[in-house]
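In what follows, a structure is listed as structure tokens, so that the remarks can point back to it.
Taken together, the values in this text are just the output of simple stated rules run on the coordinates, not laboratory data. Just so you know, these numbers come straight off a predicted model, no measurement behind them. Cβ placement follows ideal geometry from the backbone for every residue including glycine, while neighbour counts extend to all protein chains displayed.
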Amino acid sequence: MKDTIIKIYEKNNQKIGMMKSAAKYLDELMEIDENPIYATTCNIENNSNDDKLNINNLSMKNKTSGIVVVTNKRIMFCQKVLMQVIFKQINISDITSIDSKTTPLAGYGKLRIKGITEMLIIDCNNHTVMQNITNAINKAKSISSNQTSNNTSFDNYEELKKVKELLDMGIITQEEFEIKKKELLGI
């Protein structure tokens, strides 16, 4: 039996507190072959359009508290309060870049994860959380690349056609298309 998100919290000696309903919600969303690697409670920025990572903004304005989970297939964010759910995700295979910025003294910082069509900016209360999320994503990428190397080139061709459609519709940029194209063609 695979680990639940609550078990991942317990393994990391974290308390899940008020995020238990969000963890259960994400557990239900996970596919049969999807396993959680890392989970933590943190804030994400709601307006993640800015190219600059501003670590001086400690305000909770335009931020949402919730749970971040990295699985072998995707990174997910969820806040569940009563019947309202805020959910965001980026597939591991769609991640185009990860960068971070920390304060010199406190170790507080932000971790930005860019996907083809989505971006998450995660407030991390210390450098260790940032490193744990990054390590979990890298582990998931490693798992994912081992699985995708077993796929046929036909699957990659079909995926490339879908990404090209996103480019043609203006949903992704030429640069994002080229990154994904190289990944799919193994260049």
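D for the range 83-129, whole µm²/s, Stokes-Einstein with Kirkwood Rh over alpha-carbon pairs at 25 °C and 0.890 mPa s: what number? In µm²/s, the coefficient is 206. Computed about its Cα centre, the charge dipole of the chain is approximately 640 debye, with only Lys, Arg, Asp and Glu carrying charge at their Cβ.
Is the C-alpha gyration tensor of the range 5-148 telling us rounded, prolate or oblate? Criteria: a/c under 1.5 is rounded; beyond that, a/b larger than b/c is prolate, otherwise oblate. Taking the square roots of the gyration eigenvalues as a ≥ b ≥ c, the range 5-148 is rounded. Residues whose amide H falls under 5 Å from that of T173, counting only those 5 or more places apart or on a different chain, are absent, with hydrogens built in the peptide plane. Relative contact order for the chain: 17 percent, from Cα pairs under 8 Å spaced at least 6 residues apart, divided by residue count.
Across the range 103-111, rounded Karplus estimates of 3J(HN,Hα) from the backbone phi angles (6.51 cos²θ - 1.76 cosθ + 1.60, θ = phi - 60°) give 6, x, 9, 7, x, 5, x, 10, 10 Hz, Gly and Pro being marked x.
Each peptide in 169-175, 93-99, 118-124 receives the mean, over its residues, of other Cβ atoms within 10 Å, and ordering these scores from highest gives 118-124, 93-99, 169-175. For the residue pairs K88/K139; K61/K180; K63/K114; K20/K114, the alpha carbons lie more than 25 Å apart in K61/K180; K20/K114.
Taking springs between alpha-carbon atoms closer than 10 angstrom, which of V69, V85, V129 fluctuates most in the Gaussian network model of the chain? Fluctuation is largest for V85. A cut-off of 5 Å between modelled amide H atoms, ignoring neighbours fewer than 5 places along the same chain, links E118 with no other residue.
Summing Lys and Arg as +1 and Asp and Glu as -1 over all other residues whose Cβ lies under 10 Å from the Cβ of K2 gives a net charge of -3. Summary: within the chain, the longest segment free of trypsin sites (Lys or Arg not before Pro) located in DSSP loops with at most 14 other C-beta atoms within 10 Å is 62-187. Listed values for the range 3-14 are Karplus-derived 3J(HN,Hα) couplings in whole Hz (6.51 cos²θ - 1.76 cosθ + 1.60, θ = phi - 60°), namely 5, 8, 5, 4, 5, 5, 4, 4, 4, 8, 6, 10, and x replaces Gly and Pro.
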